[in-house]
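Enquirer: What follows is a single structure, and I will ask about it in a moment.
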4 protein chains.
Amino acid sequence: MSSSFGRLFVVTTFGESHGPAVGVVVDGMPPGVPVEAGEIQRELDRRRPGQSALTTQRSEADRVEILSGVFEGVSLGTPIAMLVRNTDARSKDYDALKDVFRPGHADYSYMAKYGLRDHRGGGRSSGRETVGRVAGGALARGALAQIGVKIVGGTVQVGEVKAMRRDWSVTEKNPVRCPDAMAARGMAEVILAARDQKDSVGGVVEVVAQGVPAGWGDPTMTKLDAMLGMAMLSIPATKGVEIGGGFGMCALTGSKTNDVFDGKKYLTNFAGGISGGISNGAEIVVRVAVRPATSIGKPQQAATKRGRTTTIAIEGRHDPCICPRVVPVAEAMMCLTLMDAWLRQRALRGREK
Amino acid sequence: MSSSFGRLFVVTTFGESHGPAVGVVVDGMPPGVPVEAGEIQRELDRRRPGQSALTTQRSEADRVEILSGVFEGVSLGTPIAMLVRNTDARSKDYDALKDVFRPGHADYSYMAKYGLRDHRGGGRSSGRETVGRVAGGALARGALAQIGVKIVGGTVQVGEVKAMRRDWSVTEKNPVRCPDAMAARGMAEVILAARDQKDSVGGVVEVVAQGVPAGWGDPTMTKLDAMLGMAMLSIPATKGVEIGGGFGMCALTGSKTNDVFDGKKYLTNFAGGISGGISNGAEIVVRVAVRPATSIGKPQQAATKRGRTTTIAIEGRHDPCICPRVVPVAEAMMCLTLMDAWLRQRALRGREK
Amino acid sequence: MSSSFGRLFVVTTFGESHGPAVGVVVDGMPPGVPVEAGEIQRELDRRRPGQSALTTQRSEADRVEILSGVFEGVSLGTPIAMLVRNTDARSKDYDALKDVFRPGHADYSYMAKYGLRDHRGGGRSSGRETVGRVAGGALARGALAQIGVKIVGGTVQVGEVKAMRRDWSVTEKNPVRCPDAMAARGMAEVILAARDQKDSVGGVVEVVAQGVPAGWGDPTMTKLDAMLGMAMLSIPATKGVEIGGGFGMCALTGSKTNDVFDGKKYLTNFAGGISGGISNGAEIVVRVAVRPATSIGKPQQAATKRGRTTTIAIEGRHDPCICPRVVPVAEAMMCLTLMDAWLRQRALRGREK
Amino acid sequence: MSSSFGRLFVVTTFGESHGPAVGVVVDGMPPGVPVEAGEIQRELDRRRPGQSALTTQRSEADRVEILSGVFEGVSLGTPIAMLVRNTDARSKDYDALKDVFRPGHADYSYMAKYGLRDHRGGGRSSGRETVGRVAGGALARGALAQIGVKIVGGTVQVGEVKAMRRDWSVTEKNPVRCPDAMAARGMAEVILAARDQKDSVGGVVEVVAQGVPAGWGDPTMTKLDAMLGMAMLSIPATKGVEIGGGFGMCALTGSKTNDVFDGKKYLTNFAGGISGGISNGAEIVVRVAVRPATSIGKPQQAATKRGRTTTIAIEGRHDPCICPRVVPVAEAMMCLTLMDAWLRQRALRGREK
């Protein structure tokens, strides 16, 4: 249950960073939806390490294999299992860390929870788990595209550099995945500076869903905001999420933040496309706070399993800023959340939309 | 399913604002836990309207009746149903709004979802639904208290006035529920000013859990951060949530935000008590962005069901700032989230903690 | 979670036999479905005690109150909570049983599970819990009727007397609720004979769903057979369930039991309307084994909480055969199971049927 | 959701009969439990085809690969994914059946549900799906063994031949898996006679759990009987389930079927080890009705996709009686059901048992 997301479109991931494989089972895909391995692979390629100087140099091909649920190019309506083998698993790199709780990592809390752990690369708590989410998200993206729903995303803040524009056509053209080509350069500089100091830096990722019809979501516990909150805060290294105006609205007044609706569409979007937990037809806008990566080369104080203190420097290949790689994951979680809400609305109303 | 929260400690609320009653069924309470109606009532009294000049003057006694699951003062281990009758339901106040989509409200999205609605006071989308959450949360609070877990909360920002201190002993002594008595006065002024202008103002609510042992939560989809994100963003009028350092960490570096652990406890708490989705023994700290209340007396442009525009002023008794009343609700959601994580950890490890 | 049934149409019951009330919350009802309290009441009246000489003389009006989710005569799409007060709760009758584990009852297992119990009338394990199921089932029945699905049921065996006909129009005209008026008389005699001996007798209840379109259900874990199995075996005092040919097929051959399908409809129905877990368009036929009621006036050996043996005779008002009262409950569970399968199919295919 | 079983110990299977692979993800395994691939393989070997003249001659090695969740020989507490490649998938055998709805099979209902299907060998509705259940069940069996719970099972009826004894030590020594060596011979004769006639025959499988402590299960919707009912009726080709005395109790009286409890243990077991939905400490006894296999070589009338009638004989390698191969699957489902109930009880009471 703890590795599953969704109620009607249920995505269950599995796999440790340095075990045989990572993967996902997607249960609830409607039948007859075209499934192209190439599109899934493209999303995995966006997520995989080694894409630019800004990301970790760990290099894995991350080839996806579809094990079930697809026949003659379309979904069968049965579970779709997908598998990615771990190939570049240099477990030896982690031997020195076996008895040390790395600062900022989940090593200590994980040990407190389970009483044991796979120390190699974080095991289950590794960002590598997101491979399954991205593969599952690609399926949802394909299904949503058929009714005109499109999901885009990008890095909108790194350190103190903020994107001033939202030109989603440029995000894949710069290594930061920033929708503001100008700001992207400044962000890259901040990231490289952190890398040179064997440090890391945080940022903000924004994801937007276009074309979502009004009526998806629920009014109480499973508000669309709530499910997006769960979705985004389940991504490793995220520590905040906001919808539409978010925290910025706190200092404003109702007369300013009540979106103006002219009977057909919203003229402002402080609600981020969600009113009372239900989509209102405007763009759904979510921003996610990404903390600075916890694996840094700089020497830090740490504790050992026996409770002694020591100093460690996390050697190896790490991301100085994980925002560029969080982008496809956050998009995937948006896809999964919307897919689930869509199916639920079909159950409730018995119609296509 | 859409009105339930939790997997092992399942809370299902029901009720419309102006229907016969609101209430909750709590399924999963362990047997033998003392249940005092007085304690549940105290939490409901904190939530109910009419407590001060800062809140709505709608006045309901909100007397809770326990219908099941409690015998001779303790829980039976069976579902605990609780009921609060709606007594001050002046439905007539809402007749004028029957065919108008109020700005900022869920009227339009709700109609798009269901095709019909109970227009009286927002029906199911009313904040009144939180009565059930608070009653359920009080049960969880009592159970958690038995193992030394304590939940506190308060308003830490209103408009641009921020609390500088966290003295939880003073929150119930000022009408804003601010943990900084000094700041509370400034906040109250901001709220009264908004009220005088027939407007509303937003703010931030913070909730803290003390005494949570390390090991609660999960490493992937149901991270403790994720469940808290879902919990908080399911509260009406919330548009953001952050854990520990939250959005503020984005502009910092890893060497700064990696919490220092001396083998026994954390010396800093950027992680907000949760590492890799699992509690790490430090205080769990969550902040929630509360938008300005959408019901304001100021005339606003609105659309009718027929797609025409009109101007409306929401008359009646409304909260100029809902933060003080969100505090007990956010605390309740923290209680529910932790209770569920606790029971799950008991299932996994088979021990009391 | 343990008091809920269904995934998309979720029914959660609450209440102890001798507590303040029993009831139900139904979450997942589509909006716009007519809800008449009278129809719900009629089903409750079929279930309630005291209907004839064949059933217990405990007499409760069992008046249902709808607390939420219904507005101007139709469902809102929000949770529908319903309440029935316990009025004839003669708790004193049970004082003598406080420290005795009644033979055949759940007293011992319940104590082993919870460590405490409400001993009055079985508390939560009482058949009175089914009030909530019947109320919830009535809602599902109303919704299903709109697309031509009809559920009927009756007692088809008592002791060794079996119904030879299935004339569903006569079931409400005899106190056994038998679809064979002739057999009904024999059954009544068996029941009265058992009553006179302060004993009880078992039987079989059959429930049939007519008009279910092909395509409801699932091929693996949540086969329609499986969900019906869960549904029926969750009814108190049931110890077996079979679909279509059931156990009788075990002694036959495949060439005999493979139903003949002429391209439009099935000419035989050994499958009971379900092929591979999915409805095939034929009548869905389920039979439920009902054990002899465990509460009997005859003196029996029993054990006390302290592990000593004693002899008890269960005084009070009990059913010598509970089949007539299981009929409306089994029908309700069929309604709930089909409702859930229907909504799930709508989610999968996005169409009305 | 439709391919998952369990609430705390969640088993999700995937795979089509003639796709690349079948498999399972098990989420909820407590950490630190020894996991031996050899034990999982042994259970798969019991299930796999080609074991004797009584079963299908399709021959697949069914080698299991553990993909995640196990480290240094023990469970990590994270999802355990297991994979079995399909190797002997002679898809050509099925080309002739592409446009025909085979009698007794799910072809028509499946097409009605999904609008398309993988016709090769039944696709998802094939018994091959149970590979994942057996692998998951083997994990549960290992965990349960650590607290002294043991699950056994066997074929207790074939055609009209019934087992008179329950000697579980002989079940693996005869190809029918019958606990009565004498009856096993008669059963084998019945099966071979059916095979010679290109027909098939049904039977009954019994599964028994020994050593289950009192207190597992729930009093209402998720009664242990109910979950076992769901578990067993989710197995392909099953059409009935009974607990303890089952249908046989219907013709008896309460004074006979109320089990005698002497304060320590039960002297009779009409309840099949479950009272009021909760285990009572006696052996848990479940019987499952297995219909005659639907794939037979005898010519039968069938309908085509276009609604015409035709005659077909299902050529290929099929089981004349699937009871021997249902035994390990039914045992696996018992293991899964009990594992889930055990974890739930740990959550409720916070203790090991």
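The values are calculated or read from the model by the stated rules, or taken from the named source; none is laboratory data. What you are looking at is a predicted structure, and each value in this text was computed from that prediction instead of being measured. A quick note on method: Cβ atoms are made from the backbone with ideal geometry, for glycine too, and the neighbour counts reach across all protein chains shown. Quick note on the areas: whole protein, heavy atoms, side chains included, nothing else; ligands and nucleic acids left out. Shrake-Rupley method; radii C 1.70, N 1.55, O 1.52, S 1.80 Å.
Enquirer: Among the residues of segment C:239-254, which ones are more than 7 Å from chain D (Cβ to nearest Cβ) and closer than 16 Å to D:Ser279 by Cα?
Expert: none
Enquirer: Out of segment B:85-126, which residues are open to solvent by 20 Å² or more (accessible area, probe 1.4 Å), among the aliphatic types (A, V, I, L, M) and at pLDDT 90 or above?
Expert: Hits for segment B:85-126 are B:Met111, B:Ala112, B:Leu116.
Enquirer: Another one. Out of the residues in segment C:135-193 that are part of a strand (DSSP E or B), open to solvent by 20 Å² or more (accessible area, probe 1.4 Å) and in contact with a Gly (Cβ under 8 Å, 6 or more places away or on another chain), state the one that is nearest to C:Cys335 (Cα to Cα).
Expert: C:Lys150
Enquirer: Another question about this same structure. On the basis of being touching a helix residue (DSSP H, G or I) at 6+ places or on another chain (Cβ under 6 Å), more than 8 Å from chain D (Cβ to nearest Cβ) and at pLDDT 95 or above, does C:Val190 make the cut?
Expert: no
Enquirer: Ok, one more. Limited to segment C:1-56, what total is found for residues that are of a type in the set (Gly, Ala, Ser), farther than 21 Å from C:Gly122 by Cα and in contact (Cβ under 8 Å) with a residue 24 or more places away in the chain?
Expert: 6
Enquirer: Output the qualifying pairs, or none if there are none: Cβ atoms under 7 angstrom, residues six or more apart or on different chains, first residue in segment D:202-221 and closer than 17 Å to C:Ser2 by Cβ, second residue open to solvent by 10 Å² or more (accessible area, probe 1.4 Å) and polar (S, T, N, Q).
Expert: Pairs that qualify, where the first residue is closer than 17 Å to C:Ser2 by Cβ and the partner is open to solvent by 10 Å² or more (accessible area, probe 1.4 Å) and polar (S, T, N, Q), are D:Pro219/C:Ser125; D:Met221/C:Ser4.
Enquirer: Quick test of your reading of the structure: C:Lys239 fulfils all but one of (1) within 23 Å of the chain's Cα centre (by Cα); (2) of a type in the set (D, E, K, R); (3) farther than 30 Å from C:Leu116 by Cα. Name the failing condition by number.
Expert: C:Lys239 satisfies all of (1) within 23 Å of the chain's Cα centre (by Cα); (2) of a type in the set (D, E, K, R); (3) farther than 30 Å from C:Leu116 by Cα except (3).
Enquirer: On to the next question. Where residues in segment B:73-84 are farther than 18 Å from B:Gly15 by Cα and facing chain C (nearest Cβ under 8 Å), which of them is surrounded by the fewest Cβ atoms within 10 Å (Cβ to Cβ)?
Expert: Checked segment B:73-84; the qualifying residue surrounded by the fewest Cβ atoms within 10 Å (Cβ to Cβ) is B:Val74.
Enquirer: Hey, D:Val201 hits all of (1) within 7 Å of chain C (Cβ to nearest Cβ); (2) out of contact with any Pro (no Cβ under 6 Å at 6 or more places or on another chain); (3) among the β-branched types (Val, Ile, Thr) but one; which does it fall short on?
Expert: That leaves (2) as the condition not met.
Enquirer: Then there is this: Would segment C:328-344 turn up any residue that is over 16 Å from the mean Cα position of the chain (by Cα) and farther than 18 Å from D:Ser2 by Cα?
Expert: Checked segment C:328-344: no residue is over 16 Å from the mean Cα position of the chain (by Cα) and farther than 18 Å from D:Ser2 by Cα.
Enquirer: Next up: State whether one or more residues within segment D:78-85 are without any contact (Cβ under 8 Å) to a residue 40 or more places away in the chain and more than 24 Å from D:Gly6 (Cβ to Cβ).
Expert: no
Enquirer: So, A:Asp225, is that one modelled with pLDDT of 95 or more and assigned to a helix (DSSP H, G or I) or not?
Expert: Considered against the rule, which asks whether it is modelled with pLDDT of 95 or more and assigned to a helix (DSSP H, G or I), A:Asp225 comes out as yes.
Enquirer: Only residues that are under 22 Å from B:Ser125 (Cα atoms) and among the hydroxyl-bearing types (Ser, Thr, Tyr): list them for segment B:272-310, please.
Expert: Once the filter is applied, which keeps residues that are under 22 Å from B:Ser125 (Cα atoms) and among the hydroxyl-bearing types (Ser, Thr, Tyr), segment B:272-310 yields B:Thr294, B:Ser295, B:Thr304.
Enquirer: Looking at segment B:229-347, what strands (runs of 3 or more DSSP E) fall wholly within it and have at least 2 residues that are touching an Asp or Glu at 6+ places or on another chain (Cβ under 8 Å) and crowded, with 24+ Cβ neighbours inside 10 Å?
Expert: So the answer is B:238-243, B:284-290.
Enquirer: If you don't mind, another one. Could you list all residues from segment C:2-11 that are at pLDDT 95 or above and either more than 8 Å from chain D (Cβ to nearest Cβ) or open to solvent by less than 10 Å² (accessible area, probe 1.4 Å) (or both)?
Expert: C:Ser3, C:Phe5, C:Gly6, C:Leu8, C:Phe9, C:Val10, C:Val11
Enquirer: Please go through (1) among the polar types (S, T, N, Q); (2) within 14 Å of chain D (Cβ to nearest Cβ); (3) touching a Cys at 6+ places or on another chain (Cβ under 7 Å) for C:Thr220 and return the number of the only condition it doesn't satisfy.
Expert: (3)
Enquirer: If you scan segment A:214-228, which residues turn out to be out of contact with any strand residue (DSSP E or B) (no Cβ under 7 Å at 6 or more places or on another chain) and surrounded by fewer than 24 Cβ atoms within 10 Å (Cβ to Cβ)?
Expert: If the condition is that a residue be out of contact with any strand residue (DSSP E or B) (no Cβ under 7 Å at 6 or more places or on another chain) and surrounded by fewer than 24 Cβ atoms within 10 Å (Cβ to Cβ), then A:Thr222 is the only one that fits.
Enquirer: On to the next question. From the list B:Arg133, B:Arg177, B:Arg165, B:Arg117, pick out the single residue that is within 11 Å of chain A (Cβ to nearest Cβ) and within 30 Å of A:Ala251 (Cβ to Cβ).
Expert: Result of the check over B:Arg133, B:Arg177, B:Arg165, B:Arg117: B:Arg133.
Enquirer: Now for a separate question. Considering only residues that are at pLDDT 95 or above and more than 7 Å from chain B (Cβ to nearest Cβ), which ones fall in segment C:23-36?
Expert: C:Val24, C:Val26, C:Met29, C:Pro30, C:Val33, C:Pro34, C:Val35
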